[in-house]
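For reference, the structure is listed below as structure tokens.
Every read-out reported here was derived from the displayed coordinates using simple, explicitly stated rules and does not represent laboratory data. On a predicted model such as this, the values are computed, not experimentally measured, just so you know. Cβ atoms come from the backbone with ideal geometry, glycine included; neighbour counts cover every protein chain shown.
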Amino acid sequence: MSDLLIDLPGFAADFSGAASLLSPMGGLVVIHGPSGCMGNYTGFDEPGWFRHPGMVFSSLMRENEAILGLDDYIISKTIRACEKHNPPFVALIGSPVPALIGTDYEGIAAEIEDRTGIPTVGINTTGFDSYSKGMEKTLAVLGNRFLSDAIEKIPNLVNILGYNNLDYCGDDDLFCLRKILESNGFKINCITGRSGIEVFAQIPRAEFNIVTSASALGFAKKLKKLYDTPFTTQLPIGTTEIKETFSSSEKQSDSEQCVKNGKKFLIIGDQIIAGSLRSYLEEEYCCRGYVFTFFEFDRTLGRPEDRRLLDEAEMYSLFEKESYDVIIADPLFKRFVNGSESYIELPHPAVSSRLYWNSYVGIFSHQIKELFEQVFR
């Protein structure tokens, strides 16, 4: 019952994370299951759908097909869609009902590829994991299938790994990050979740990787192992000089020079985004921060006091035992605090969906600096 939510809506599921990553890449994406999962992704989880809808379809699974385990219908439907749209690749994404009956996505993908000649992959999402787990699985599958063999690296060429609409809500932050990188002499190679599959295949050419969300950390580690490509998880927030950031270790910074009697703050969100915000705030305002998340969490990345929250009960217990001067989190988490803390609302699309995504504040924006100034000065 650790995933039981009473006061919060369900977080974006793994199939939404996979679809959000794949759709902008230009392929044909099939969410296998009843149409409700497709509607949940397009209507509630994906901020960019209404502006830039992609080739995302539902298999419209029916009761007979679920009971009998019939796969021919999804194969024939996908083949017809391929004949109409001629996509560069096809991706099949799982949902709860197919997961319960043990659908063989790799086998279905192989059949579709054999009959169409179009590269096809199966992503074994279940609908029971978070969006970040779905993105992690998707990057792993795409990497295994499409990455080129080891090739010569190009100096100052950078990949941006893990940028997605469920953490960042649109392209404003991406525009700012690209501007910072290019002003420091770097060239952008691949942006996962934005670049096409041909560019994705050339990821090994880059000299460096910048990881923008925890969902891409495993992929970055794999690239380090296979191609010896270094990476950073420290985002250049509040600065335009990033040479020092890129020469730092893979672990996020740990400022020991914070004033012990300074403000104590907590950030709840993606581990990498929250950790980068913490580093900026500690250096800028000489205070001490803590990072908690409901999603992907790497113990080696943060500090001993950082933690992954399992459920609402743990969050209630947290705020009963601990007090903070400032809390930075999605507006929906405000109901868990006692009201004595300063609360900076930082909407997280994967948490509050369309309730607050129009109020999203970019982490590289001047607006967020103004919010911090009002509270920390």
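Quick notes
- Nearest-ten-degree value, helix 217-227 long axis tilted from longest Cα axis of the chain: 70
- Among Gly302, Gly102, Gly48, the residue with the largest mean-square fluctuation in a Gaussian network model of the chain, with springs joining Cα atoms closer than 10 Å, is Gly102.
- Gaussian network model of the chain, springs between alpha carbon atoms under 10 Å - residue of Asn209, Asn338, Asn40 with greatest fluctuation: Asn338
- Dividing the helix sum by the residues of the chain, where each DSSP H run of 4 or more adds -39500 (n - 2.57), gives a mean residue ellipticity at 222 nm of -10500 deg cm²/dmol.
- If the segment from Leu226 to Phe50 were pulled out straight at 0.36 nm per residue, it would be longer than the present Cα-Cα gap by 59.6 nm.
- Theoretical FRET efficiency, 1/(1+(r/R0)^6), r = Cβ-Cβ of Ser342 and Lys179, R0 35 Å, to 0.05: 0.70
- Top of Pro236, Pro304, Pro119 by mean-square fluctuation, Gaussian network on the chain, Cα under 10 Å: Pro304
- Loop exposure criterion: GluC sites (Glu not before Pro), DSSP state outside H, G, I, E and B, at most 14 other Cβ atoms within 10 Å. Applied to the chain, the longest stretch between such sites is 1-151.
- Given their separation in residues at 0.36 nm each and the Cα-Cα distance between them, Phe146 and Asp72 gain 24.0 nm when the chain is fully extended.
- Treating r as the C-beta distance of Glu198 and Glu320 and R0 as 35 Å, the FRET efficiency rounds to 0.10.
- Label reach from Leu4 (point 7 Å along Cα→C-beta): in region 275-311, amide nitrogens under 20 Å belong to 294, 309-311.
- In region 264-376, Cα pairs under 8 Å separated by at least six residues give a relative contact order of 22 percent.
- Cα-derived Rg to Rh of region 96-239, Kirkwood definition: 1.00
- Were the residues from Leu310 through Leu60 laid out at 0.36 nm apart, the gain over their Cα-Cα distance would be 86.8 nm.
- If you wrap the tightest convex hull around every Cα atom of region 90-170 and split its volume per residue, you get 131 Å³.
- Largest first, the three principal axis extents of the alpha carbons in the chain are 66, 51, 34 Å in whole numbers.
- Using θ = phi - 60° in the Karplus curve 6.51 cos²θ - 1.76 cosθ + 1.60, the 3J(HN,Hα) couplings for region 360-377 round to 4, 10, x, 6, 9, 7, 5, 4, 5, 5, 5, 4, 5, 4, 5, 9, 8, 6 Hz; x is entered for Gly and Pro.
- Once backbone amide H atoms are built at 1.01 Å from N, Lys187 has Leu157, Val158 as its partners under 5 Å, excluding neighbours fewer than 5 places away on the same chain.
- On the principal axes of its alpha carbon atoms, region 264-376 extends 34, 33, 29 Å, with the longest extent given first.
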